[in-house]
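Q: Just dropping this structure here.
The values are calculated or read from the model by the stated rules, or taken from the named source; none is laboratory data. Because the structure is predicted, anything quoted here is derived from the model rather than measured. Please note: Cβ atoms are built from the backbone with ideal geometry, for glycine as well, and neighbour counts cover all protein chains shown.
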Amino acid sequence: MARPVYELELVESTHLAISTLGLVFHVDNPPEFEAGQFVSLLFEHNAESLKRSYSIASSPDKLRNECLLEIAIGLVPGGAASEHFANAKVGDKFQMSGPFGALTLPKDMPERLIMVGTGTGVAPYRSMFPQLEQLTQQGIKIHILMGARNRGNIFYREDFQSLPANSQPVIFETCLSREETVDPSAGEHKGYVQERLSKLDLTPEKDLVYLCGNPPMIDDTVKYLTDLGFGPRQIKREKYTFSR
Ligand SMILES: Cc1cc2nc3c(=O)[nH]c(=O)nc-3n(C[C@H](O)[C@H](O)[C@H](O)COP(=O)(O)OP(=O)(O)OC[C@H]3O[C@@H](n4cnc5c(N)ncnc54)[C@H](O)[C@@H]3O)c2cc1C
């Protein structure tokens, strides 16, 4: 049976960071999804039918109650979808299939959730906001690491930092690989997320690690975690591989 396709209309396009767009779509008769999942957007570009996947950056409640769905798009030079979305106007129509993916919250909670995203790879964690807030009330520690080249590529910082500090605060830190100086008091660290992870005393007994975004970062980190004794059940991942 063919997968259902949903009709979308672009209602807002903003720059979240230097080369990152935040897009908001209105979805007709939207499907249910689980926070952390992604959708595929279908559109015509230069007379070619294209399909690209994007993590959902907004909550299931927002889609259910307001029919609105947000995504964050990192613009790739020369990229077909990048060019298409950079030039898209409010009112433009798209189609969507999905939701897909299993980067969702587990039933059995660990002591600590480590959530790593490079660039737009933090989007799925933003869709989990209402649940993350509840988890902190249950005493679950949440540590979010966002990797980017420099400060100008960081976005959603205020959103993550606005998560209320209940019995356990949510820690949001950035790892800046090309920034000369960083401000540790603002949660900034020099280097790649892998270097910061090595300082977090990770253990498979208490941690569940989420990895999302750049495939080399995910491969590197999975190898590091495997060497520490983490098995497949203690690592959840979503690789942003290029569509073809
Ligand atoms: C499950 C999943 C979820 C995804 N979620 C997101 C998301 O939330 N936000 C998001 O921005 N993207 C996401 N992606 C990636 C997205 O689907 C596209 O691949 C991306 O937007 C680039 O598409 P494009 O058409 O602009 O580039 P293409 O025309 O596909 O590629 C153009 C050129 O750029 C290179 N290239 C493509 N992407 C990158 C990159 N990221 N870094 C460096 N070079 C690149 C290609 O090798 C190619 O040479 C996701 C991918 C998957 C599989």
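Q: Kindly indicate the residue of region 20-66 that is small (Gly, Ala, Ser) and near the ligand (Cβ under 10 Å from one of its atoms) and also nearest to residue 92 (Cα to Cα) among those meeting that condition.
A: Step by step, filter region 20-66, then rank; the result is 40.
Q: Show the residue pairs meeting these rules: Cβ distance below 6 Å; 6+ apart or different chains; first residue within region 81-93 and outside the structural domain of residue 22 (by TED's automatic domain parsing); second residue within 16 Å of the ligand (Cβ to nearest atom) and assigned to a helix (DSSP H, G or I).
A: none
Q: Sticking with this one: If you check residue 172 against the conditions, is it touching a residue at least 12 places away in the same chain (Cβ under 8 Å), within 16 Å of the ligand (Cβ to nearest atom) and outside any helix (DSSP H, G or I)? Write out each step before concluding.
A: Details: touching a residue at least 12 places away in the same chain (Cβ under 8 Å): yes; within 16 Å of the ligand (Cβ to nearest atom): no; outside any helix (DSSP H, G or I): yes.
Answer is no for this residue.
Q: If you scan region 67-94, which residues turn out to be more than 7 Å from the ligand (Cβ to nearest atom) and touching a Lys or Arg at 6+ places or on another chain (Cβ under 7 Å)?
A: Hit for region 67-94 is 68, nothing else.
Q: Let me confirm something: among 204, 232, which residue is surrounded by 16 or more Cβ atoms within 10 Å (Cβ to Cβ), without any contact (Cβ under 8 Å) to a residue 60 or more places away in the chain and either within 21 Å of the chain's Cα centre (by Cα) or farther than 17 Å from residue 146 by Cα (or both)? Talk me through it step by step, then tell me what you get.
A: On the way: 232 fails: surrounded by 16 or more Cβ atoms within 10 Å (Cβ to Cβ).
Just one listed residue meets the conditions, 204.
Q: One residue is enough: does region 29-45 have a residue meeting the conditions part of a strand (DSSP E or B), within 17 Å of the chain's Cα centre (by Cα) and surrounded by fewer than 20 Cβ atoms within 10 Å (Cβ to Cβ)?
A: As a first pass, look at region 29-45 and keep what is part of a strand (DSSP E or B): 38-45.
Subset that is within 17 Å of the chain's Cα centre (by Cα): 38-41.
Pick out the ones that are also surrounded by fewer than 20 Cβ atoms within 10 Å (Cβ to Cβ) and you get 40.
Yes, that holds for at least one residue.
Q: I've got another one for you. Examine region 131-144 for a residue that is in contact (Cβ under 8 Å) with a residue 40 or more places away in the chain and under 17 Å from the mean Cα position of the chain (by Cα), and state whether such a residue exists.
A: Narrowing region 131-144 to residues in contact (Cβ under 8 Å) with a residue 40 or more places away in the chain: 131, 143.
From what is left, the residues that are under 17 Å from the mean Cα position of the chain (by Cα) are 131, 143.
Within region 131-144 (the criterion being in contact (Cβ under 8 Å) with a residue 40 or more places away in the chain and under 17 Å from the mean Cα position of the chain (by Cα)), the answer is yes, since at least one residue qualifies.
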